[in-house]
Amino acid sequence: MVQPVTGTNVPQSTAFDTTPLLEFDQVGLEYPFEGTMRRIIQEVNLSIQPGEFVSFVGPSGCGKTSILRMVSGLNPAPIGEIRYRGQPVTKPLNNVGIAFQNPVLLPWRNTLNNVMLPLEIVQPYKREFRQKKAEFTHMAQDLLATVRLQDFQKQYPWQLSGGMRQRASLCRALIHQPEILLLDEPFGALDAFTREEMWSMTQALWMRVKCLSILITHDLREAVFLSDRVFVMSPRPSSIIYEEKINLPRPRGLEMELSDEFNHYFSNIRRHIHHN
């Protein structure tokens, strides 16, 4: 059962374990192009702790989304190695939740049933679904209440706004309590007001489940607001050229964007992107 967060304003340094959940060891990527191999990612070396929220920012085409695919195991790293709990990721991981820019909800299922879909297909929930359906329904309703969709459980995707569909997509990505949440520009198609509202809701969901989260975004303010660390990637062949640790207390309110400290982090990240 998803448990509520028990405290607020907890410094990041005490928020997660010290043993890495994910390790990138000289990870690279190349594609065939006109009879030769074109290097996309030169080399990435880093580690991410359980419950940590990190973002990757950088120019288009530098391989940010490819990193998510390698972490998930959908496309294992062809060069170097990504390790999950010390073991190489060589096939798709089961305990991963993914949310994309376009929330693909099944049109014949209402909001509640869309959110519950992973529990019907992911083990061990699949084998327990019939016996524990009432408990699982409560789990889904609990998440929907966190993102203020408790009154839209019976609506179908075409009856929801874009922001509502994205909220439901996030709940679906988290319902099976994954250890890793992958976010591939999930708010890029939303208007500015809805996008900022989604930052707060994403933070609220993350603070409840505290899974390791990796966000790909072009919005530097979004990266600062949500992240514990922000990694800046260079143009291809890309590598990590800068890391910014965000020491802002949680929960973070949108008014924090106006603070000098927030803008200090934002400016640091922007400066390193513009210098490359």
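FYI, it's all coordinate maths here, none of it is from the lab. Keep in mind that this is a model prediction, so the values were computed, not measured. Reconstructed Cβ throughout: ideal geometry from the backbone, glycine too, with neighbour counts over all protein chains shown.
Odds and ends about this structure:
- Here the Karplus curve 6.51 cos²θ - 1.76 cosθ + 1.60, taken at θ = phi - 60°, turns the phi angles of the range 98-110 into couplings of 10, 10, 9, 4, 9, x, 8, 9, 5, x, 8, 10, 6 Hz, with x standing for Gly and Pro.
- Between residue 263 and residue 85, the modelled labels are 4.6 nm apart [label points 7 Å from Cα along Cα→Cβ].
- Legend: translational diffusion of the range 20-121 by Stokes-Einstein, Rh = Kirkwood radius over C-alpha pairs, 10 °C, 1.306 mPa s; D = 102 µm²/s.
- ³J(HN,Hα) computed for each position of the range 75-82 - Karplus, 6.51 cos²θ - 1.76 cosθ + 1.60, integer Hz, glycine/proline x: 10, x, 4, x, 10, x, 8, 9
- Annotation: peptides 144-151, 231-238, 188-195, 211-218, ranked by per-residue average of other Cβ atoms within 10 Å with the highest first, follow the order 211-218, 231-238, 144-151, 188-195.
- Full-stretch length increase - residue 189, residue 134 - with 0.36 nm per residue and alpha-carbon distance subtracted: 16.4 nm
- Taking amide hydrogens as placed 1.01 Å from N in the peptide plane, the amide H of residue 238 sits under 5 Å from those of 41, 42, each at least 5 positions away in sequence or on another chain.
- Packing-based order for 177-185, 18-26, using average beta carbon neighbours within 10 Å, highest first: 177-185, 18-26
- Most simply put, the range 122-276 has about 50% antiparallel DSSP beta bridges, counting only bridges with both residues inside it.
- Principal axis box of the range 180-261, alpha-carbon based, largest edge first, Å: 35, 28, 26
- Amide hydrogen neighbours beyond the local backbone of residue 79, cut-off 5 Å, H modeled: 28
- Reference-scaled alpha-carbon Rg (2.2 N^0.38 Å with N residues) for the range 106-263: 1.13
- Across all C-alpha atoms in the range 57-187, the radius of gyration and Dmax reach 16.0, 48 Å.
- Projecting label points 7 angstrom from Cα along Cα→Cβ for residue 270 and residue 25 puts them 4.0 nm apart.
- For the pair residue 156 and residue 95, a Förster radius of 30 Å applied to the C-beta separation gives a FRET efficiency near 0.55, rounded to the nearest 0.05.
- Using only side-chain charges placed at the Cβ, +1 for Lys and Arg and -1 for Asp and Glu, the dipole size of the chain relative to its Cα centre rounds to 840 debye.
- Average 1/r across all pairs of distinct alpha carbons in the range 221-271, invert it, and you get the Kirkwood radius: 11.5 Å.
- Phi angles of the range 263-270 translate, via the Karplus equation with coefficients 6.51, -1.76, 1.60 and θ = phi - 60°, into HN-Hα couplings of 6, 5, 4, 4, 5, 4, 5, 4 Hz per residue; Gly and Pro are given as x.
- The radius of gyration of the Cα set in the chain, together with its Dmax, comes out at 18.7, 57 angstrom.
- Helix-only mean residue ellipticity at 222 nm for the chain, each DSSP H run of n ≥ 4 adding -39500 (n - 2.57), per residue, nearest 500: -10000 deg cm²/dmol
- DSSP assigns beta bridges within the chain; of those with both partners inside it, close to 50 percent run antiparallel.
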